[in-house]
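I have placed the structure first, in the form of structure tokens, so that the comments after it can refer back to it.
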Amino acid sequence: MNYHCYYHYTCPRCGEAFVPYAEGVVCPQCGEPTAEVYDIVGEIIWAVKYHLGLYGELKLRYFQVTGIGDQYLFLGFTELDSFRRNVDVDIPTRVQKALARLKFVRTEAWRKHYEGFFTLLFQRWREERYLP
Ligand SMILES: [Zn+2]
């Protein structure tokens, strides 16, 4: 896949890099409210559909993570690849499985951050996967 997400956001208070993926998302490092929202979930869903249309699968064999946006993109692709094959599984169960695979999550605040991200991703995938 040659597609990349170049979105970048750093907390104005502590400098932590993350993606404010929805209204109300705060900095997972210091709790500072974010100054903006970036619809990375919508971007991931678009990219996943495009990728599936081209290749018929979601394996990212040569994908190089270039920044924080790419990290969410990579996680989104990886988790949607298994979620889309098991669409009857309930979302909270799938979210917990996705979180269990994130070995780099250091704190409870970061765990909550990704919990919200995966929940939104799976919900929107169910709603939007057949939309043009
Ligand atoms: Zn912060």
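The values are calculated or read from the model by the stated rules, or taken from the named source; none is laboratory data. Source: prediction; values computed, not measured. For neighbour counting, all protein chains shown are included, and Cβ atoms are generated from backbone atoms with ideal geometry for every residue, glycine included.
Against the test of being at pLDDT 95 or above and touching a Leu at 6+ places or on another chain (Cβ under 9 Å), the options Glu16, Glu43, Glu23 yield a single qualifying residue, Glu43. Close contacts from the stretch 7-24, counting a first residue that is on the phi > 0 side of the Ramachandran plot and a second that is away from the ligand (no atom under 14 Å from the Cβ), with Cβ to Cβ under 9 Å and a gap of 6+ residues or different chains, come to Gly24/Val37; Gly24/Gly116. Please tell me if His51 is over 15 Å from Glu115 (Cα atoms), away from the ligand (no atom under 16 Å from the Cβ) and either among the basic types (Lys, Arg) or in contact with a helix residue (DSSP H, G or I) (Cβ under 8 Å, 6 or more places away or on another chain) (or both). Criteria met by His51. Within the stretch 91-132, if we keep just the residues that are outside any helix (DSSP H, G or I) and hydrophobic (A, V, I, L, M, F, W, C), the residue that is farthest from the chain's Cα centre (by Cα) turns out to be Leu131. Would you check if Glu36 is out of contact with any helix residue (DSSP H, G or I) (no Cβ under 7 Å at 6 or more places or on another chain), at pLDDT 90 or above and within 15 Å of the ligand (Cβ to nearest atom)? Criteria met by Glu36.
Looking only at residues of the stretch 1-36 that are of a type in the set (Val, Ile, Thr) and closer than 14 Å to His113 by Cα, we find that the one that is surrounded by the most Cβ atoms within 10 Å (Cβ to Cβ) is Val19.
Restricting attention to the stretch 49-64, does a residue exist that is part of a loop (DSSP other than H, G, I, E, B), small (Gly, Ala, Ser) and loosely packed, with under 15 Cβ neighbours inside 10 Å? Looking through the stretch 49-64, at least one residue is part of a loop (DSSP other than H, G, I, E, B), small (Gly, Ala, Ser) and loosely packed, with under 15 Cβ neighbours inside 10 Å.
All told, Pro12 falls short of being in contact with a helix residue (DSSP H, G or I) (Cβ under 6 Å, 6 or more places away or on another chain), within 16 Å of the ligand (Cβ to nearest atom) and part of a loop (DSSP other than H, G, I, E, B). Residues that are in contact with a Ser or Thr (Cβ under 9 Å, 6 or more places away or on another chain) and within 25 Å of Asn2 (Cα to Cα) do occur in the stretch 50-59.
Residues considered: Thr10, Thr78, Thr66. Of these, the only one that is touching a Leu at 6+ places or on another chain (Cβ under 8 Å) and among the polar types (S, T, N, Q) is Thr78.
Mind checking whether some residue in the stretch 71-90 is closer than 26 Å to Glu23 by Cβ, assigned to a helix (DSSP H, G or I), touching a Phe, Trp or Tyr at 6+ places or on another chain (Cβ under 9 Å) and acidic (Asp, Glu)? Scanning the stretch 71-90, I find at least one residue that is closer than 26 Å to Glu23 by Cβ, assigned to a helix (DSSP H, G or I), touching a Phe, Trp or Tyr at 6+ places or on another chain (Cβ under 9 Å) and acidic (Asp, Glu), so the answer is yes.
This table checks each residue for (1) in contact (Cβ under 8 Å) with a residue 60 or more places away in the chain; (2) within 21 Å of Asp39 (Cα to Cα).
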position: Leu73; (1), (2): yes, yes
position: Thr78; (1), (2): no, yes
position: Asp81; (1), (2): no, yes
position: Val89; (1), (2): no, no
position: Leu102; (1), (2): no, no
position: Thr107; (1), (2): yes, no
position: Lys112; (1), (2): yes, yes
position: Glu115; (1), (2): no, yes
position: Thr119; (1), (2): no, yes
